[in-house]
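So the structure is just underneath, and the comments pick up after that.
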Amino acid sequence: MRKEFRALYDYMASSNNPAYMKVFGNTMVEMMNWMIANKPEEAEAYIEKLSAIKWDNYLTRREAEKIVAGMEPKAPWSREVWKNTLDSLGIATEESPYYNSCALWVEMNKVYSDSAKSIAMIKGVPLSEVSQEELVKAVHALALDHLKDADGVYNIRSYFSV
């Protein structure tokens with residue numbers, strides 16, 4: 001069955017016929033309705049994965065949490081603290097089509113982990129003397145340099161091997 005499903009999927013995906021996409025899509029809707037009713041956690045995971053079609057840089061919440069939990073040195077911001085901080089500064093957490101909020105959260109933690117001391121050095125002060133607001137804004141700007149890479153080379157999924 002897997003082989004047959006894959007063959008049908010490949011046939012639909014390589015076709016220019018919208019009718020094939022509708023048949024496949026309608027079948028997926030039926031499957032998703034069944035999953036939502038019978039296996040809601042799995043359905044949620046599939047919906048998160050399908051959301052990737054909307055973004056250049058995308059991570060699911062589970063992927064992001066796993067990446068942040070494994071960062072060395074330890075990531076500075078939990079998701080809640082990060083979101084509250086950005087909200088208080090009026091900084092959007094998503095920008096279509098460049099990145100979703102999970103990708104930005106991970107990228108900002110990565111930039112902080114890799115470059116916070118360099119940011120302070122550029123400012124000419126010890127890291128302890130850089131205000132939280134200044135640091136967040138600088139880390140955000142550097143994260144956007146990656147996530148909105150004009151060349152389109154940076155891909156957060158590739159970087160973190162997900």
>> Tell me the volume per residue, in Å³, of the convex hull enclosing the alpha carbons of the stretch 61-159.
In response: 102 Å³
> If only Cα atoms are counted, what is the Rg of the stretch 1-147, and what is its Dmax, in Å?
Replying inline: 20.3, 63
> Given 0.36 nm per residue, what is the gain on full extension from S96 to S78 after removing their alpha carbon distance, in nm?
Replying inline: 4.2 nm
>> Quick check: net charge around S161, other residues with Cβ under 14 Å of its Cβ, Lys/Arg +1 and Asp/Glu -1?
In response: +2
> Ordered by packing density, taken as the mean number of other Cβ atoms within 10 Å over each peptide's residues, highest first, how do 126-133, 144-151 rank?
Replying inline: 144-151, 126-133
>> Given N residues in the stretch 2-54, what is its alpha carbon radius of gyration divided by 2.2 N^0.38 Å?
In response: 1.24
> In debye, nearest 20: dipole of the chain around its Cα centre with unit charges on the Cβ of K, R (+) and D, E (-)?
Replying inline: 380 debye
>> How large is the translational diffusion coefficient of the stretch 40-101 in µm² per second when you combine the Kirkwood radius over alpha carbon pairs with Stokes-Einstein at 20 °C and 1.002 mPa s?
In response: 165 µm²/s
> Counting alpha carbon pairs within less than 8 Å and at least 6 residues apart, what relative contact order, in whole percent, applies to the stretch 61-159?
Replying inline: 27 percent
> Residue by residue, what Karplus-based ³J(HN,Hα) values in Hz, rounded to whole numbers, does the stretch 113-124 have, using 6.51, -1.76 and 1.60 with θ = phi - 60° and x for Gly and Pro?
Replying inline: 4, 8, 10, 4, 5, 5, 4, 5, 4, 4, 6, x
> So what's the gap between the Cα centers of the stretch 48-73 and the stretch 86-141, to the nearest angstrom?
Replying inline: 17 Å
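Where a number appears in this text, it was derived from the coordinates with a stated rule and is not lab data. All of these numbers come straight from a predicted model, not from anything done at the bench. Virtual Cβ from ideal backbone geometry, glycine too; neighbours counted across all protein chains shown.
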